[in-house]
Each structure stands twice: as structure tokens, then as C-alpha cells.
1. Under a Cβ-Cβ cut-off of 14 Å, what is the net charge of the residues other than PRO141 that fall near it, where Lys and Arg count +1 and Asp and Glu count -1?
2. Take ARG205, ARG88 and order them by how many other Cβ atoms sit within 10 Å, fewest up front.
3. Return the equivalent ellipsoid semi-axes of region 13-217 as a descending list in whole Å, where each equals the square root of 5 times an eigenvalue of the C-alpha gyration tensor.
4. How high is the relative contact order of region 13-217? Use alpha-carbon pairs under 8 Å, at least six apart in sequence, and give a whole percent.
5. If the limit is 29 Å between Cα atoms, which of LYS44/LYS79; LYS44/LYS191; LYS44/LYS156; LYS64/LYS156 go over it?
Amino acid sequence: MALQAGLDACKGFGPITMNYLAHLYLAVGSDEFLLGSLMGDFVKGNVENRYSNAIEQGIIFHRKVDAFADSHSATMHCKQLFSSERRRFAGVIVDICYDHFLSKHWLSFAGVGLDEFARHVYTVLQEHYETLPERLQVALPRMRRQNWLEAYGTLKGVEITLNRISKRITRQDMLFGAVNEVSDNYDRLEKNFFAFFPDLIDFARSYCASVDYPSEMIKKDRHRFMD
């Protein structure tokens, strides 16, 4: 969901994605739809006839989610909380914060444990390894080894993630140590998350309901949405 402008400064632009967890959580549907929702950060341009229909629809869904998230008032308020020196990368920081709060409050939104959900995602990725974009293939072993989907659950995990990303940008100081600003604004960031995320869930539900997906694409509802 981060603004692309912040990432354009990255050296050797690679799989620097901030909100795997949120995108995967929202992708209620078949395994291929879930796969496409993650691949949206690794695939650019027109996806028509490049993948199966379910994967293509997952990528399109990912982009719709990004557009909604970036335009939401709570997201814009979150970005304004960070110092002007870090403002260019505020979208990246907010993405990480959103995944942190989703991880922290996972069972308020999901009907299965985060550990079980993460294991399922890693299994799906491995089973479809040959379909993954090259950059995601490269990232997958590290993603599993470091358990990225559960890594944001603590502020220490947020700090490690921000500092790791900082090593891949031209001005490392723009992200290194940014966890201090996250900590200083923690309560306001968390409040904005709760203003934002239910709206995002409603948007995802409405969007999926408005698209005439084939039955096989939506047959595997893994009960991640709580009624």
C-alpha cells in the first residue's frame, strides 16, 4: 500500500514490500487468488493472459486495495505523524505499522490463528513456486526462514524490518531508527489503524461481491473475516 515514490529511491529495486499480511488476509478465495493478491507487489503492467484467471484477478484486487488504502483519511493522517525528514518514506512506515497492528490484533479480525494462517500461505507459495515472479522466488526462502508474516507482531520486529529496508535505499537515515517515531506516535497510529482497517475490510467485501468471480475462485473461504 506504500506510495511507489518512496521506493523509487531504492538501490537495485527488489521485493521491498511492506504489507504482505494485510493483502493476504483480505484475499478470501482460492489459493490462486491468494497467490495473485501477494504477487501484486511483484508484477507490473497489464496482467491479462499472463497467468490463470484467478491469479490475474488476485493481482487486480491487490491494486484496488492499494488505491483504497492510500486514499483513506486515516492513512493520510498517519503519514503526517512522521517528521519531514522521513516523510518521503512515510507510506512505507505506515504499511509496516498496519501489518504490526493487524498481527497484534489478529484474533479480533480472523477466525484462525496467525501461525496457522502463515503456515498455509508458505505452503501455497511453495506449491506454486514455478508460477511465482522471479523476485518472489528469490525472496521466498528468506520469507519462510525469517517468518515475515509473523515478524511484525512486536515493535522489535518493526524495528528490524525498517532497519533492513534502510540498507536498500540511497539515504539510509530516512528509515534507520524510524521505529523511535513509531513508538512516539504509537497510540495515534493504532487509533488510525482501527479507523482504517474495518473500512478496508468493507471495501474488500464490496469489491469482491461486485465482481462476477467463477465459483471455483471463491470456493475456499478460510474464514478470515469475522462477522
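1. +3
2. Listed from fewest to most nearby Cβ atoms, that is ARG205, ARG88.
3. 27, 19, 16
4. On the way: 195 pairs, mean separation 54.1, N = 205.
Over region 13-217, the number comes to 26 percent.
5. Details: LYS44/LYS79 25 Å; LYS44/LYS191 33 Å; LYS44/LYS156 32 Å; LYS64/LYS156 31 Å.
From the list (LYS44/LYS79; LYS44/LYS191; LYS44/LYS156; LYS64/LYS156), the Cα-Cα distance tops 29 Å for LYS44/LYS191; LYS44/LYS156; LYS64/LYS156.
Every number here is computed from the coordinates shown, using simple stated rules; none is lab data. Note that the coordinates shown come from a computational prediction; the quantities given were computed from them, not determined experimentally. Neighbour counts are summed over all protein chains in view; Cβ atoms, including those assigned to glycine, are modelled from backbone coordinates with ideal geometry.
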